[in-house]
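Q: Please find one structure pasted underneath; my questions will follow.
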There are 2 protein chains.
Amino acid sequence: MKLLSPVDQIFLWLEKRQQPMHVGGLQLFSFPEDAGDDYVAQLAEHLKSETRVTSPFNQRLTSKFGQPAWTEDEHLDLEHHFRFEALPTPGRIRELLALVSAEHSHLMDRQRPLWEFHLIEGLQDRQFAVYTKVHHSLVDGISAMRLFQKMLTTDPDQRNMPALWSMPHSKRGKKEQSAPSLWNTVAHMLGESGKQISTLPKVSRALLQTVREARKHPVYQSIFHAPPSILNNKITGSRRFAAQSYSLPRIKAICKASDSTVNDVVMAMCASALRTFLMNQDALPEKPLVAMVPVSLRTDDSTGGNQVGVILASLGTHLSDPAERLNYIHDDVKASKARYADMTPEEILNYTAMMLAPTSFQLLTGLAPKWQSFNVIISNVPGPKEKMYWNGAELIGSYPVSIAMDRLALNMTLNSYGDHIEFGLIGCRRTLHSLQRMLDYLEDGLTELEAAYSL
Amino acid sequence: MKLLSPVDQIFLWLEKRQQPMHVGGLQLFSFPEDAGDDYVAQLAEHLKSETRVTSPFNQRLTSKFGQPAWTEDEHLDLEHHFRFEALPTPGRIRELLALVSAEHSHLMDRQRPLWEFHLIEGLQDRQFAVYTKVHHSLVDGISAMRLFQKMLTTDPDQRNMPALWSMPHSKRGKKEQSAPSLWNTVAHMLGESGKQISTLPKVSRALLQTVREARKHPVYQSIFHAPPSILNNKITGSRRFAAQSYSLPRIKAICKASDSTVNDVVMAMCASALRTFLMNQDALPEKPLVAMVPVSLRTDDSTGGNQVGVILASLGTHLSDPAERLNYIHDDVKASKARYADMTPEEILNYTAMMLAPTSFQLLTGLAPKWQSFNVIISNVPGPKEKMYWNGAELIGSYPVSIAMDRLALNMTLNSYGDHIEFGLIGCRRTLHSLQRMLDYLEDGLTELEAAYSL
């Protein structure tokens, strides 16, 4: 039996009927060339026989001295966790996204290990899909995406690969150090590890005090400028998931022409899409939207090192000119990163805690203060550059499925894979109507930048 | 805007993460003879176009003066309620039951009208299915089954029938008077209608007092004899649904040979199945199990009149001889009905309230007293005698999907349709392992009675 860390406890604590706290991934595969029509059904049979379940997939919640803890599930029922499903006619991506939208809306059974693995047949063009769902208290978002990737290989000829839940634990590696996030921040406010979740009301009061003091301080005033918007309403229990791949070479051509980074261009695409989406509902705030973005603290796109931080970036949604908006974002991101340049890691953590405090306060108390520091989360997770395979089936797309929360009705998470940037948008289906249109608006955002730079 | 009745409020109040309070029905259809392979997909297109949603399907929960009320959903999103789905390979009944088990485990989104209609393709042998899910606060169990039947016709040639949610309200008729149930009893204890749910703690105390006094009274002692069993443990959030049809002529032949009613024989089948199921887990109580059964208060099977009541019937699970067990059940049911013969309707209601009080108390407080009045609910709902059709597709089976609750981990509901009695068993998947085996044990129960009467 192992006690949950304070951060992991927070996910249990934040979970409500209309706010499930699980993360997921949608992976799209094509049949191996030599595969018969019953390829997916055979794969399902193979997976059903993988009844050896390794940690953390065999761990269920229990309680120890009144605190939540993990313990091995002695009666693990694989049929509950591994589900073989099918898409209805005509089996387009549209039907797949509808299925994932519905599944991602459902709470998981807390008496069992908090994960599900859905193998989905019935896609057109000899394709199939895997939708994986893991509670954030078991595995955090970035670790989850890495976990799903670990079940793959670069070798197209490898067969009889172990199921995700049967992999030897060592092969999956240790829980990786995550970027500073809302949750790490809250944990930081909680102080030393081992403190109980029962101190949360005290933490909320501390957060409120922090924010009030910061607002008086001229240096920090700039971080409370996010305008109110429909993205920051309360949410309901049903989700819409939208996902699409966009060409990385097209994005890189814009980087080159505009002297900006991939992350800048991706944010400009999001800014353009949000601007159109909100304008169409006559709901675009006058002041620019602000995104919370985990970034590499290096000033270029180089991959060395692991120095990541969180910035609040203005999305320039008040500007109508696409190139001007991209430059605005580029400068804002650069200034935010520069602010960290002379800070010690401890100072960065304190500064981050300050930025995220209003949102932490909202989430913990359910109350909306009169100010907020950001409107939306845009998270860019690096993925594999090489082609990946699973039992001979080529991975053709891999989309993160994240969490929508009260006051954060939309989450835009993306990863790179080979020649693509793959967006997964998750939102409250009632607060944000027709979220799926954002996919077209993202494409429009890319096209208008190409036009602006005559590409 | 219309306030919820106290009984309907109770279903909202009883609903917990691991105890959803919706009821459902599973209907199995065969394709019309002239139908093409895309028959179900075409039907889905037709249903998608039925965007006019009538009461009660357009009603969502709201609050009026702090009490729950129904109001029209101005932004009804049909795609959320009508879902077109498919079974994975090989598309047997087994895959269908797995899908219904999973869907019935999920809470519905309270910000929307509390119903879902799942059209399911991909069944073998040119069959398809409909799984309908309605919250018990919107429509009670028996009314729900009648509602699902109202969308059908006896005319095999009728086409372009309106969707369940688009039917003119008058055609569906008024909410029918239901049998006395746990819920009506609790409402009775609540006293006059209009009282708020906030008086529930007071009701719980009153129930406890009632039970304590009744236990001192020799006449009532007999109703607290249900033995403790695994059927009366706490439940978890995941369900197993099992369903099968059994031959009515075979059941009637046993009735004739044993001079008993269809209800007696059905109860004997349940008794036999429960006996085997519990014996296999070394969990059969020494004392016989007790079932709560809504019955016609007439002493024969005649259909005239609407006089229904609730009895507690001993299932004779301590007896190993099948014929002896059937006779025991027959006598016990007869004696229970006879007890009502000289009572006024008010006296029957008071007596029923007494019988159900311990269970009402358990459900309302979550506490298990040291005694209980029954172990399992067996509910037999009359269904259509004639063949029914939906847009030309013949209804070949119709199975109720009811509610499992804390301390009532199994619910056995059945209806008649044509030449069959159709069982729907819903249970907690963790508390009751391998519930699907009960289907074979019910068949065994029928066979052993045939052998006992040399049929």
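Q: In region B:109-131, how many are within 22 Å of residue B:12 (Cα to Cα) and surrounded by fewer than 23 Cβ atoms within 10 Å (Cβ to Cβ)?
A: Result for region B:109-131: 6.
Q: Say we look at region B:89-121 and pick out the residues that are assigned to a loop (DSSP other than H, G, I, E, B) and of a type in the set (A, V, I, L, M); which of these is farthest from the other protein chains (Cβ to nearest Cβ)?
A: To start, the set of residues in region B:89-121 that are assigned to a loop (DSSP other than H, G, I, E, B) comprises B:89-92, B:105-114.
Pick out the ones that are also of a type in the set (A, V, I, L, M) and you get B:107-108, B:114.
Details: B:107: 6, B:108: 8, B:114: 11 Å.
Result: B:114.
Q: Okay, moving on. Is it the case, given these coordinates, that residue B:36 is away from chain A (no Cβ under 11 Å), without any contact (Cβ under 8 Å) to a residue 60 or more places away in the chain and not basic (Lys, Arg)?
A: Values: away from chain A (no Cβ under 11 Å): yes; without any contact (Cβ under 8 Å) to a residue 60 or more places away in the chain: yes; not basic (Lys, Arg): yes.
Spelling it out, residue B:36 is indeed away from chain A (no Cβ under 11 Å), without any contact (Cβ under 8 Å) to a residue 60 or more places away in the chain and not basic (Lys, Arg).
Q: List the helices (runs of 4 or more DSSP H) inside region B:197-285, counting only whole elements, that have at least 1 residues being at positive phi, under 25 Å from the mean Cα position of the chain (by Cα) and surrounded by 22 or more Cβ atoms within 10 Å (Cβ to Cβ). Before the answer, list the steps.
A: Values: elements: B:200-216, B:218-221, B:248-258, B:262-280.
Correct list: empty, since no element meets the threshold.
Q: Residue by residue through region A:39-56, note down the ones that are away from chain B (no Cβ under 14 Å) and over 30 Å from residue A:410 (Cβ atoms).
A: Quick first cut of region A:39-56, residues away from chain B (no Cβ under 14 Å) only: A:49-56.
Those that are away from chain B (no Cβ under 14 Å) and over 30 Å from residue A:410 (Cβ atoms): A:49, A:50, A:51, A:52, A:53, A:54, A:55.
Q: A further question follows. Got a sec? Which of B:349, B:326, B:367, B:356 is more than 19 Å from residue B:273 (Cβ to Cβ), surrounded by 23 or more Cβ atoms within 10 Å (Cβ to Cβ) and out of contact with any Pro (no Cβ under 6 Å at 6 or more places or on another chain)? Step through it out loud before you land on a result.
A: On the way: B:349 fails: surrounded by 23 or more Cβ atoms within 10 Å (Cβ to Cβ); B:326 fails: more than 19 Å from residue B:273 (Cβ to Cβ); B:367 fails: surrounded by 23 or more Cβ atoms within 10 Å (Cβ to Cβ).
Unique residue meeting the criteria: B:356.
Q: Could you grab me the full set of residues in region A:253-276 that are of a type in the set (Lys, Arg) and in contact (Cβ under 8 Å) with a residue 12 or more places away in the chain?
A: Of all residues in region A:253-276, those of a type in the set (Lys, Arg) come to A:256, A:275.
A:275 - this is the single residue of region A:253-276 that is of a type in the set (Lys, Arg) and in contact (Cβ under 8 Å) with a residue 12 or more places away in the chain.
Q: I would also like to ask the following. Picking from B:148, B:128, which residue would you name as being touching a Gly at 6+ places or on another chain (Cβ under 6 Å) and not aliphatic (A, V, I, L, M)? Step through it out loud before you land on a result.
A: Values: B:128 fails: touching a Gly at 6+ places or on another chain (Cβ under 6 Å).
Matching residue, one of B:148, B:128: B:148.
So that you can scan it fast, the table gives a plain yes or no per residue for (1) at positive phi; (2) out of contact with any Ser or Thr (no Cβ under 8 Å at 6 or more places or on another chain):
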position: B:63; (1), (2): no, yes
position: B:66; (1), (2): yes, yes
position: B:69; (1), (2): no, no
position: B:80; (1), (2): no, no
position: B:85; (1), (2): no, yes
position: B:88; (1), (2): no, yes
position: B:91; (1), (2): yes, yes
position: B:94; (1), (2): no, yes
position: B:108; (1), (2): no, yes
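Q: When you go through B:12, B:61 one by one, which is the residue that is under 25 Å from residue B:360 (Cα atoms), within 14 Å of chain A (Cβ to nearest Cβ) and in a strand (DSSP E or B)? Please lay out each step first, then the result.
A: Numbers: B:12 fails: in a strand (DSSP E or B).
The conditions single out B:61.
Q: Mind checking which residues of region B:64-75 are part of a strand (DSSP E or B) and either within 14 Å of chain A (Cβ to nearest Cβ) or hydroxyl-bearing (Ser, Thr, Tyr) (or both)?
A: Filtering region B:64-75 for residues part of a strand (DSSP E or B) gives B:64, B:67-72.
Result: B:71, single match.
Q: Let me ask something else about it. Within region A:61-77, is even one residue closer than 30 Å to residue A:128 by Cβ, touching a residue at least 60 places away in the same chain (Cβ under 8 Å) and among the polar types (S, T, N, Q)?
A: No: zero hits.
Q: Tell me which residues, restricted to region B:122-142, are at positive phi and not in a strand (DSSP E or B).
A: Of all residues in region B:122-142, those at positive phi come to B:122, B:125-126.
Once the filter is applied, which keeps residues that are at positive phi and not in a strand (DSSP E or B), region B:122-142 yields B:125, B:126.
Q: Kindly list the number of the only condition in (1) surrounded by fewer than 19 Cβ atoms within 10 Å (Cβ to Cβ); (2) more than 10 Å from chain B (Cβ to nearest Cβ); (3) part of a helix (DSSP H, G or I); (4) not β-branched (Val, Ile, Thr) that fails for residue A:147.
A: (1)
Q: How many residues does region A:17-33 contain that are within 14 Å of chain B (Cβ to nearest Cβ) and either without any contact (Cβ under 8 Å) to a residue 12 or more places away in the chain or not in a loop (DSSP other than H, G, I, E, B) (or both)?
A: 2
Q: Looking at residue A:295, is it surrounded by 14 or more Cβ atoms within 10 Å (Cβ to Cβ) and at pLDDT below 80?
A: Values: surrounded by 14 or more Cβ atoms within 10 Å (Cβ to Cβ): yes; at pLDDT below 80: yes.
Yes.
Q: Given the criteria aliphatic (A, V, I, L, M) and at pLDDT below 65, does residue B:102 qualify? Lay out the reasoning, then the answer.
A: Details: aliphatic (A, V, I, L, M): yes; at pLDDT below 65: no.
Against the criterion (aliphatic (A, V, I, L, M) and at pLDDT below 65), residue B:102 does not qualify.
Q: Looking at B:280, B:263, B:233, which one is at pLDDT 95 or above and of a type in the set (S, T, N, Q)?
A: Details: B:263 fails: at pLDDT 95 or above; B:233 fails: at pLDDT 95 or above.
Matching residue, one of B:280, B:263, B:233: B:280.
The values are calculated or read from the model by the stated rules, or taken from the named source; none is laboratory data. Keep in mind the model is a prediction, meaning the values are calculated, not measured. Every residue, glycine among them, receives a Cβ derived from its backbone with ideal geometry; neighbour counts consider all protein chains shown.
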